[in-house]
Amino acid sequence: MAQIDNDLERFYSLLARLEAVPPQGRRLGEQSGRSHWPDRGVYFFREPGETRTVPPYVPRVVRVGTHAVSAGSKSSLWGRLRTHRGGRTGNGNHRSSVFRLHVGAAMLARDGELLPTWGRGSSACQSVRDSEAPLERRVSGYIGAMSVLWMDVPGEPEADCRRSFIERNAIALLSNHLSPADRPSHGWLGHFSPREEIRRSALWNLNYVDEECDPSFFDVLEECVIRTCAQDCSQ
């Protein structure tokens with residue numbers, strides 16, 4: 001346990017350096033495209049009420065994500081975060097955001113509700129979207145209340161890019177082979193997820209939760225944090 005504790009301490013110390021530079025660490029619902037966003041990057045969500053289990057009990061990361069990891073992808077960092085957030089009126093599309101899909105599925109399970117179309121298909125007709133709209137609004141409110149940190153990780157879109165490397169190893173570190181050192185609160189919504197990976201990892205992630213963290217990840221992470229902080233300070 002000593003090694004995982006040391007690794008987590010280093011990880012969260014690096015995130016603290018990001019948070020010291022506004023607008024890092026604000027709620028997603030307060031962010032907009034007018035903020036300075038790098039074209040490509042990795043992001044980290046923290047959820048109200050979820051903290052680390054060791055002092056000083058800082059907010060724990062509940063989801064790690066990235067984008068543009070497929071050849072030819074044109075997605076941007078803000079575009080991906082905006083899809084997770086949904087629109088300003090609360091509308092959203094869980095078929096374009098697996099994060100929204102997972103949160104909505106957990107809400108349905110927690111509240112004993114049935115919505116058979118949720119997560120079905122890559123598109124839906126207007127009547128289906130209308131029936132799903134109330135849950136989409138609830139999901140938007142839930143994710144919009146989360147704070148988000150991000151880092152600039154440039155590079156061409158490809159499966160083995162640095163963004164993918166950071167995402168993969170951050171998830172592996174936090175999940176710790178599905179026995180996370182930082183346990184979720186008793187009230188965490190993820191406890192109700194239909195997906196065992198989410199319940200056991202304490203993350204809103206499925207991929208990489210059962211992998212080993214590459215020790216070289218920390219040097220790459222630190223390099224990206226330093227570059228991002230320098231850029232944000234210059235704005």
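The values are calculated or read from the model by the stated rules, or taken from the named source; none is laboratory data. This structure is a prediction, so every number in the text was calculated from the model and none was measured. No Cβ is skipped: glycine too gets one built from the backbone with ideal geometry, and neighbour counts run over all protein chains shown.
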Can we say Ser131 is within 27 Å of Arg110 (Cβ to Cβ), under 18 Å from the mean Cα position of the chain (by Cα) and among the hydroxyl-bearing types (Ser, Thr, Tyr)?
no
Residue identified as among the basic types (Lys, Arg), at pLDDT 95 or above and surrounded by fewer than 21 Cβ atoms within 10 Å (Cβ to Cβ) among Arg60, Arg85, Arg34, Arg110
Arg110
In the set Val139, Val209, which member is touching a residue at least 24 places away in the same chain (Cβ under 8 Å) and either surrounded by fewer than 21 Cβ atoms within 10 Å (Cβ to Cβ) or out of contact with any Asp or Glu (no Cβ under 9 Å at 6 or more places or on another chain) (or both)?
Val139
Look through Glu47, Glu9 and report the one residue that is surrounded by 19 or more Cβ atoms within 10 Å (Cβ to Cβ), closer than 20 Å to Val209 by Cα and of a type in the set (D, E, K, R).
Glu47
Could you tell me whether segment 46-54 includes any residue that is among the acidic types (Asp, Glu) and closer than 24 Å to Arg199 by Cβ?
yes
Could you list all residues from segment 146-181 that are surrounded by fewer than 21 Cβ atoms within 10 Å (Cβ to Cβ), within 22 Å of Ala106 (Cβ to Cβ) and in contact (Cβ under 8 Å) with a residue 40 or more places away in the chain?
Ser147, Asn176
Report every pair of residues separated by at least 6 positions or lying on different chains whose Cβ atoms are under 8 Å apart, first residue within segment 103-119 and within 25 Å of Arg46 (Cβ to Cβ), second among the charged types (D, E, K, R) and not in a helix (DSSP H, G or I).
Ala105/Arg195; Met107/Glu113
